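Below you'll find the structure, written out as structure tokens, and then a few comments.
The values are calculated or read from the model by the stated rules, or taken from the named source; none is laboratory data. Because the structure is predicted, anything quoted here is derived from the model rather than measured. In this analysis, Cβ positions are derived from the backbone assuming ideal geometry, glycine residues included, and neighbour counts consider all displayed protein chains. Note: areas computed on protein heavy atoms with side chains; ligands, DNA, RNA excluded. Shrake-Rupley method; radii C 1.70, N 1.55, O 1.52, S 1.80 Å.
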Amino acid sequence: MARITQLLDAGQTLSFEFSAPRDEAGAERLRQTLARLSLHQPQFMSVTYGAGGTTRGPTRDWVHTIREDFDIEAMPHLTCVAHTRDDVAGIIDDYRSDGIENILALRGDLPQTAESANQAFDTAAELVSFIQERADWDIGVAAHPEGHPMARSREADLTHQAAKLANADFALTQFFYRAEYYEQFVGQLLARGVDTPVIPGVMPPTNVAGIERMSALNNTEFPSEIRERLESANSAAERREIGVDVAVNLGRELLELGAPGLHVYTMNFSRAASEVASALGWPAT
Ligand code: FAD
């Protein structure tokens, strides 16, 4: 197994993101998705974490499954909202005993009604420092090229993101649909002296309502020309073709811009992610 910085040193990486399913039907689908996408020999896969610990066990179990059953490096996400220091220390120790070497450190979002009285960390940057004290791992963080929705200002957001990335080994971005947002963001980081590798996240837009909801939550633009193309489609298959086409064109532009890799958001489905990977030079073998 390998550290993500070593994988990045070897060339542009392909990675896929999954989330722990809620039921047995979802688990069966994810196993099939993993089997299909592993054929593209991605450099790593990542598994999300339910903010507040709702998927604590399942995230760990799926990361273990990917590493053991598919022989692919897997990285757990970890959010710190609503966690005490002891909670996080326990999770880190658990991963250390399982041989984990990479982690994505996040703040996470809790529903506004949820309690977070015992929360030890307010930001992902604080979580990164805590992990660094306890484990010799590669630590990734989230990056928001279009700005975080709760930022006080674009400038405050960039200052925070630059400081967070400067202390991390790599970053994975929120999805976005214009390569220029990535180019500008990386340029703004460089202007602040930060050259941490930023792996862009690519989400094939196959579902208008889903992208609309996530874009509103994450402060990402859903370009009208993409929406109009999707709305003119007559079937789910046609929408998938359009979504793959958009993601392939965006991915190609990002790779040409020198992005260190591509992180494909799969929503636990294999087909669109597989078509994107194949078209961008990572065929199933
Ligand atoms: P932070 O970096 O702590 O903060 C986010 C923003 O808050 C900053 O960009 C900045 O604008 C502001 N801010 C924070 N601290 C300061 C400061 N000191 N000064 C000024 N401004 C500040 N969520 C999950 O629940 N589970 C997951 O598995 C998960 N995976 C993700 C994976 C990726 C690749 C991405 C991009 C997001 C993921 N998220 C996940 C969502 C994430 O938890 C949310 O976007 C959350 O709102 C912010 O997390 P963060 O780690 O970027 O937070």
(request) Spot the failing condition for D136; the list is (1) within 16 Å of the ligand (Cβ to nearest atom); (2) without any contact (Cβ under 8 Å) to a residue 24 or more places away in the chain; (3) not in a helix (DSSP H, G or I), and only one is missed. (result) (1)
(message) Against the definition (assigned to a helix (DSSP H, G or I), crowded, with 20+ Cβ neighbours inside 10 Å and within 12 Å of the ligand (Cβ to nearest atom)), how does V128 come out, yes or no?
(response) yes
(message) Take the conditions closer than 21 Å to T123 by Cβ, surrounded by 14 or more Cβ atoms within 10 Å (Cβ to Cβ), within 16 Å of the ligand (Cβ to nearest atom) and among the aliphatic types (A, V, I, L, M) and apply them to I66. Does it pass?
(response) no
(message) Considering only residues that are touching a residue at least 60 places away in the same chain (Cβ under 8 Å), within 13 Å of the ligand (Cβ to nearest atom) and closer than 21 Å to T5 by Cβ, which ones fall in the range 147-181?
(response) A168, F170, L172, T173
(message) Can you find, within the range 81-105, the residue that is farthest from V47 (Cα to Cα) among those that are open to solvent by 30 Å² or more (accessible area, probe 1.4 Å) and touching a Phe, Trp or Tyr at 6+ places or on another chain (Cβ under 8 Å)?
(response) R85
(request) Being within 13 Å of the ligand (Cβ to nearest atom) and open to solvent by 30 Å² or more (accessible area, probe 1.4 Å) narrows it down to one of P76, P58, so name that one. (result) P58
(message) What's the total number of residues in the range 215-252 that are small (G, A, S), within 19 Å of E180 (Cα to Cα) and open to solvent by 60 Å² or more (accessible area, probe 1.4 Å)?
(response) 1
(request) Go through the range 177-233 and count every residue that is within 20 Å of the chain's Cα centre (by Cα), assigned to a helix (DSSP H, G or I) and over 24 Å from A279 (Cβ atoms). (result) 8
